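Read the structure below first, then the notes.
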Amino acid sequence: MRIETLMNGERDKYSRLEYRRLIAWPSRIQREADLLERVLSSGPSRRVLDLGCGTGEHARFLGQKGYRVIGVDSSESQIETARDVPAPTGVEFVHGDLGELDSLLTGIFGGAICLGNTLPHLLTPVRLGRFLSGLRDRLAEGAPLLLQLLNYERIFHREERCLPVSLCPDESGDIVFLRLMNLHSDGTVTFFPSTLKLRPGEDPPLEVKASKEVRLRGWRLAELEEAFEAAGFGVSERLGSFDGSAYQATESRDLIVVAR
């Protein structure tokens, strides 16, 4: 049985969500690879961080490309899953709080990535500032940070309540990955990642396998730019997709920022 308790006594809200199975990783990595390599190859060394590494797919991909990667995640179950699969030489995974990078890690890195919905778990400007200042102290001069999160400007503007549904084939029926959201006036989001089993002909035909409730902060570009500046970073790129298209506040599905 997986450990479900995080540091500070909080429960690991992702302990039963099998992200390795729920995401089409080969096609996602292929879609993101060019931008990842372009940004990270511009750094002063090939020792990099994968912040919010989850089950480790990005870290393993970068390891195969010759990078030395430390993946960090606050979910103990995700780190356990990441360690279940042999990683390329030079790739390791660390369980810890992203707000404690200065004490969690040693040495200097030539770049960092922070992808997916990782950053919204930092709920306050103080927590975001601690993360960025700790990261700044671990990055070499000129080292890039590639940050990607959902475009919450679009989500709040359009009052979107869910992300696209994912279906993953399984031996006894499809696995449905459903992500619902409640939006709040203070800029936070209650996020409900859930997995269901679709079993046509059965009773019931749709069964909830796992469902969690997570409080997130829907960080907007202006807020992030202010935090970056305060922590000593300069933003060099603002993109709306891994294909390199420009960020459009109420149109882009993603917000991608490159800072140094």
Would you call Leu139 of a type in the set (A, V, I, L, M), surrounded by 19 or more Cβ atoms within 10 Å (Cβ to Cβ) and either within 19 Å of Ala227 (Cβ to Cβ) or at pLDDT below 95 (or both)?
-> yes
Being over 17 Å from Glu153 (Cβ atoms) and of a type in the set (D, E, K, R) is the filter here, so list the residues in segment 186-201 that pass it.
-> Lys197, Arg199
Does Phe192 count as surrounded by fewer than 19 Cβ atoms within 10 Å (Cβ to Cβ) and hydrophobic (A, V, I, L, M, F, W, C)?
-> yes
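Kindly indicate whether Asn151 is farther than 20 Å from Arg46 by Cα and at pLDDT below 95. Explain how you work it out, then say what you get.
On the way: farther than 20 Å from Arg46 by Cα: yes; at pLDDT below 95: no.
Judged against the criteria, Asn151 is not a match.
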Could you please find all residues in segment 180-194 being in contact (Cβ under 8 Å) with a residue 60 or more places away in the chain and either under 24 Å from Gly134 (Cα atoms) or charged (D, E, K, R) (or both)?
-> Thr188
If we keep just the residues of segment 195-213 that are surrounded by 16 or more Cβ atoms within 10 Å (Cβ to Cβ) and in contact (Cβ under 8 Å) with a residue 40 or more places away in the chain, which is nearest to Ser236 (Cα to Cα)?
-> Lys212
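Residue by residue, here is whether (1) within 21 Å of Leu119 (Cβ to Cβ); (2) at pLDDT 95 or above; (3) buried (at least 23 other Cβ atoms within 10 Å of the Cβ) holds:
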{"residue": "Asp34", "(1), (2), (3)": "no, yes, no"}
{"residue": "Glu37", "(1), (2), (3)": "no, yes, no"}
{"residue": "Ser42", "(1), (2), (3)": "no, yes, no"}
{"residue": "Ser45", "(1), (2), (3)": "no, yes, no"}
{"residue": "Val48", "(1), (2), (3)": "yes, yes, yes"}
{"residue": "Ala59", "(1), (2), (3)": "yes, yes, yes"}
{"residue": "Gln64", "(1), (2), (3)": "no, yes, no"}
{"residue": "Tyr67", "(1), (2), (3)": "no, yes, yes"}
{"residue": "Ile70", "(1), (2), (3)": "yes, yes, yes"}
Please tell me if Phe228 is touching a residue at least 40 places away in the same chain (Cβ under 8 Å) and outside any strand (DSSP E or B).
-> yes
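Given the criteria surrounded by fewer than 21 Cβ atoms within 10 Å (Cβ to Cβ), modelled with pLDDT under 95 and not in a helix (DSSP H, G or I), does Pro26 qualify? Break it down stepwise before answering.
Values: surrounded by fewer than 21 Cβ atoms within 10 Å (Cβ to Cβ): yes; modelled with pLDDT under 95: yes; not in a helix (DSSP H, G or I): no.
Spelling it out, it is not the case that Pro26 is surrounded by fewer than 21 Cβ atoms within 10 Å (Cβ to Cβ), modelled with pLDDT under 95 and not in a helix (DSSP H, G or I).
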So which residues in segment 138-184 are in contact with a helix residue (DSSP H, G or I) (Cβ under 8 Å, 6 or more places away or on another chain) and among the aliphatic types (A, V, I, L, M)?
-> Leu145, Leu146, Leu147, Leu149, Leu150, Ile175, Met181, Leu183
Could you tell me which residue of segment 150-177 is surrounded by the most Cβ atoms within 10 Å (Cβ to Cβ), considering only residues that are closer than 20 Å to Ser27 by Cβ and among the aliphatic types (A, V, I, L, M)?
-> Leu150
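Please list, ordered by residue number, the helices (runs of 4 or more DSSP H) wholly in segment 79-166 having 3 or more residues that are among the aliphatic types (A, V, I, L, M).
Passing ranges, in order: 125-136.
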With respect to Asp174, is the statement that it is within 19 Å of Arg217 (Cβ to Cβ) and acidic (Asp, Glu) true?
-> no
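Only one residue in Val39, Val69 is in contact with a Lys or Arg (Cβ under 9 Å, 6 or more places away or on another chain), of a type outside the set (Phe, Trp, Tyr) and assigned by TED's automatic domain parsing to the domain that holds Arg136, so which one is that?
Testing whether each residue is in contact with a Lys or Arg (Cβ under 9 Å, 6 or more places away or on another chain), of a type outside the set (Phe, Trp, Tyr) and assigned by TED's automatic domain parsing to the domain that holds Arg136 leaves just Val69.
The values are calculated or read from the model by the stated rules, or taken from the named source; none is laboratory data. Remember, predicted model here, so these are calculated numbers, not experimental data. All Cβ positions, even for glycine, are placed from backbone atoms using ideal geometry, and neighbour counts span all protein chains on display.
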